[in-house]
Amino acid sequence: MRRPLSLSLLALAACGHAGQAPASLPEGGYIALAHHGTHPVIDTEEEAGVTLGLSTDRASWALVHHYLTRGALPPPEAIRVEDCVTAMAPPPPRTTRPLALGATLAPSPFRPGWHTLVIALAAGPAARTSPPTIVSSTPEAPLERALAAAGAPIAVGTARELAATLSAAEEVIFIGDGAGLGGPDAQAPLLAEVARFRARGGVLSVVGRLAPGMHDALLDRLALSGGGTHEIDTPAEASHLAAALMRAPALTATVASVRFDPARVLRWRLIGHESRVTRPTAAALDPIGGLVRAGDGVHLVFELKLADTPDASPAALGVVRISTTRTATSLDLAPSPADPRHRAVVLVAAFAEKLRGSYWAHAIAWPALARELATLGSPALRDELGALIDRARALTTTDAHGLERPVGAVHPMP
């Protein structure tokens, strides 16, 4: 019996929805988060592939880094694997073309009998026609000052006043904590205005500001609905983040469609991107394509169970097609052998899945991640990721049943 992918994705969905499972804060506030479930393994005969939106979000990694460096485990709802890969793994090679694609394949270092496929997308140079408009209630904050110095106009307001700016701009960046909008009924008018803005060709990116009451789930949804990126503002990174936000949009409405050949791929699993997968609706497919800025890149990571046909052409693995507002391209999945970049991407994805408590990462031990990291040639990655692996390992213990449990308090938010 054929299972629609949209239903399969819910099979292993974990509990936790916006506002229902908040992360407690010492100040008595909360961060509203949303868990989008975990992708299952799919039989290729039942579902040959997946369509999903791509974006260079990094917000989740900022939350992961924030919690761990302060001695606490992040709540699983805060961890989006694709954000961690985008922020931490080496970016795809730079390209002078509007869009470049590549793929690599190797045996999985953590799951015997399986292979990891990494598809890398890179956006080439793009020129700005006009600066983005910034909407923020704190125009004198370091990030806002850096954006204003780069030529971006500032409109003072909160999420409630965002709609007025959307009617008169082409690219908008909202900076705030998303608090104060209430439940879904109160949010509906803003999300409807964002949808109209996007239909007119606009792009809305979102920068979350850490604060008691921060609504990460709403901010992520705004960025997804607006077709932009989702970031988190941390004071030490204001200048770097401002420079990234001022880079021109290179690829907008970016959608990937990956299809596998059942003769070569028996089963597959997409790692991450749970909230970005297209699900059929009564009217049409959800408009999920996102933004990739000039010089940025995105990785898609799959686990594959290959058929035992060593003489078959690697090109028969399948095909990936990338479509954007202005361009489209396809690549036969005849992947190259793994390189250090491939191994780094797979390692960061495994780290994020384990930290998130994914069923598929339960057998990966922290020492195994550390050993794999030690073989990589990037000192910067070894230092930063190694420190976070050590912190996460110190915050968990293994019980009598072999299950890892948190040690002490979980996810306070200083």
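Rule-based calculations on the coordinates, nothing more; no lab input. The structure presented is a predicted model; accordingly, all values stated were derived computationally and were not measured. Glycine gets a Cβ as well: all are built from the backbone with ideal geometry, and neighbour counts include every protein chain shown.
So here's what we get for this one:
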{"read-out": "Helix-only mean residue ellipticity at 222 nm for the chain, each DSSP H run of n ≥ 4 adding -39500 (n - 2.57), per residue, nearest 500", "value": "-8000 deg cm²/dmol"}
{"read-out": "Computed magnitude of the charge dipole of the chain (debye, nearest 20; Cβ of K, R +1, Cβ of D, E -1)", "value": "540"}
{"read-out": "Cβ charges +1 (Lys, Arg) and -1 (Asp, Glu), total dipole of the stretch 133-247, debye", "value": "260"}
{"read-out": "Full-extension gain in nm, ARG160 to ALA199, via 0.36 nm per residue minus C-alpha separation", "value": "12.0 nm"}
{"read-out": "FRET E, pair THR234, GLU46, Förster distance 60 Å, beta-carbon r, rounded to 0.05", "value": "0.90"}
{"read-out": "Gained length - ALA365 relative to THR327, 0.36 nm times residue gap less alpha-carbon distance", "value": "9.5 nm"}
{"read-out": "Segments 345-351, 131-137 sorted - mean Cβ within 10 Å per residue, highest first", "value": "345-351, 131-137"}
{"read-out": "Antiparallel bridges, percent of DSSP beta bridges restricted to the chain (to nearest 5)", "value": "70"}
{"read-out": "Values of log10 I(q)/I(0), in the order q = 0.06, 0.08, 0.13 Å⁻¹, for the chain under a Debye, Cα-only, solvent-free model", "value": "-0.23, -0.41, -1.17"}
{"read-out": "Charge-dipole axis of the chain as Lys and Arg at +1 and Asp and Glu at -1 on Cβ define it, positive-most pick from PRO379, PRO340, HIS273", "value": "PRO340"}
{"read-out": "Dimensionless Rg/Rh of the stretch 224-273 - Kirkwood Rh, Rg from C-alpha atoms", "value": "1.17"}
{"read-out": "Nearest-0.05 FRET efficiency for ARG94 and THR375, computed from C-beta distance (R0 25 Å)", "value": "0.50"}
{"read-out": "Segment ALA211-SER336, extension gain: residue separation times 0.36 nm, minus the distance between their alpha carbons", "value": "40.6 nm"}
{"read-out": "Alpha carbon convex hull of the stretch 133-247, volume per residue in cubic angstrom", "value": "87"}
